[in-house]
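Beneath this line is the structure, given in structure tokens, with notes to follow.
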């Protein structure tokens, strides 16, 4: 961060690299003591990567966030003189104050979901959750913008404009040298398109800066990174479903947008010519409205197959959340592809939360098949994280999907066992999955875990898992491998979302081959892939849900 006088830079450092390496080596030689911080599902010694190097990791938060072995060593602050580059330790008076949290505010306030102090005075901008939480939801769906004049005072100035009340408000920051708060909203009715507004806390006026058709934020990958801001300009990453990320400068007063860097202009042109995306909207049998981004395959004389992925479809859609299913490439090769947005909010009931995916897929297949846009008998599905769970749930409760691919796990007894030392994990699992230990809630386990529903899963499944998770799905993956219904690949040193370029490419290519094989009866002639197809030819769907892979050839 820049020093107040503008002549120094302040930064913090944790444990030194040498200290971390020594601690890792000591554990290797003396043995790793198992406690609640140890990732039992992953390797114990340097099984992940941090900043490009193999590293031992530990759980840090109350769910699955991780960090290096010595992440809890207190930070030390350094100061760099900008003119000379000389570096020294910061004195106690020079260490930045700790950012305020909700507990520092007057107790009569509803706990804000986000708060940003003004850099020059005592005001604090707040995002306050709505007071009317919908029954069965983890938290309110919408929020309101407000400013606290002093953190010791309960007095609030609330924004009364409709654009900052009952909205989904994300990024929040003060405009430099002004009384304006800049805030970002996400519009679920427009497939999670983002917009940025400015609110003058003195006059009360709200003005739009940019209304986008996709993402306008500080990062394509990380949802909590805001645009960079000066007194006159926002610098943002902008992206749409079929337009790759680019760096834009946006004038705060006029909203004028100027591209600063657009490295993938050629890809944008290719996608526009071969597989442009369009937003579609539909309702399920309960009248719930879903949105999605649809990459339609060009007509070849008969309705094409359809691939769907379910979770969140923000920004440039290289392959849904986690970027593993190349939607545009599928469409280019004759398989229409659809990324479906989950309904907003987190539903506490596991069945309700996951069955929305089945309902969304069944209803959109019926809609697109009604006019011959897709072939309802050739539907594939894939997903990561919540999307993986929804894919398995759909396979367990519907015959609409004929082939599937997942990149994450669903709940299993092994998942519980390997994380059960952590009290926060057990609490969250009971709250959001309604699961205790398998012997405590056996009925719930039988209802939701694929390990107890194998007889209901009929489609073949491709598993492409990170090393840190794959052990937790062996309860159902290994039985499927034994009966030639699954194919399992594990990527070393990968966590929940794969990040190594070679691994991403391998997942892309294998998913493309997998769905072309099952939905089009197509095999790539590349000799290097002969072994892959030899394995897949031995596989077969189970029971009445099986499909005829050769049907497309018969039609041709």
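Throughout, read-outs are computed from the coordinates displayed, never taken from laboratory work. The structure displayed is predicted, hence computed values, not measured ones. Quick reminder, even Gly has a Cβ in these numbers, built from the backbone with ideal geometry, and neighbours come from all protein chains shown.
Dividing the convex hull volume of the alpha carbon atoms of region 426-530 by its residue count gives 136 Å³ per residue. When all alpha-carbon pairs of region 325-392 are counted, what percent fall beyond 16 Å? Pairs farther apart than 16 Å: 52 percent.
Axis of helix 386-397 versus longest Cα principal axis of the chain: the two differ by about 30°, to the nearest ten degrees. Using only the C-alpha atoms, the convex hull of region 275-376 corresponds to 96 Å³ per residue.
For region 163-260, the mean projected area of the C-alpha convex hull, equal to one quarter of the hull surface, is 6.0 nm².
Just to confirm the number: angle between the C-alpha axis of helix 265-274 and the first principal axis of the chain, 0 to 90 degrees, nearest 10? Roughly 40 degrees, rounded to the nearest 10.
With angles folded into 0 to 90 degrees, how steeply does helix 501-520 sit against the dominant principal axis of the chain? Use alpha carbons for both and round to 10. Orientation of helix 501-520: about 40 degrees from the principal axis. Gyration tensor over the Cα atoms of region 196-322: the corresponding equivalent ellipsoid has semi-axes (square roots of 5 times the eigenvalues, largest first) of 32, 20, 12 Å. Volume per residue for region 102-265 equals 125 cubic angstrom (convex hull of Cα atoms). Evaluated over the Cα positions of region 1-112, the convex hull gives a direction-averaged projected area, one quarter of its surface, of 10.7 nm². Dividing the summed -39500 (n - 2.57) terms of all DSSP H runs of n ≥ 4 by the residue count of the chain sets its mean residue ellipticity at 222 nm at -7000 deg cm²/dmol. Taking the convex hull of the alpha carbon positions in the chain and averaging its projected area over all directions gives 29.3 nm².
With the Kirkwood sum run over all distinct C-alpha pairs, region 53-199 has a hydrodynamic radius of 18.5 Å. Plugging the Kirkwood radius over Cα pairs into Stokes-Einstein for region 341-466, at a temperature of 4 °C and a viscosity of 1.567 mPa s, what D comes out in µm²/s? Value of D from the Cα-based Kirkwood radius: 84 µm²/s.
Ranked by the mean number of other Cβ atoms within 10 Å per residue, highest first, peptides 361-374, 70-83, 51-64 order as 361-374, 51-64, 70-83.
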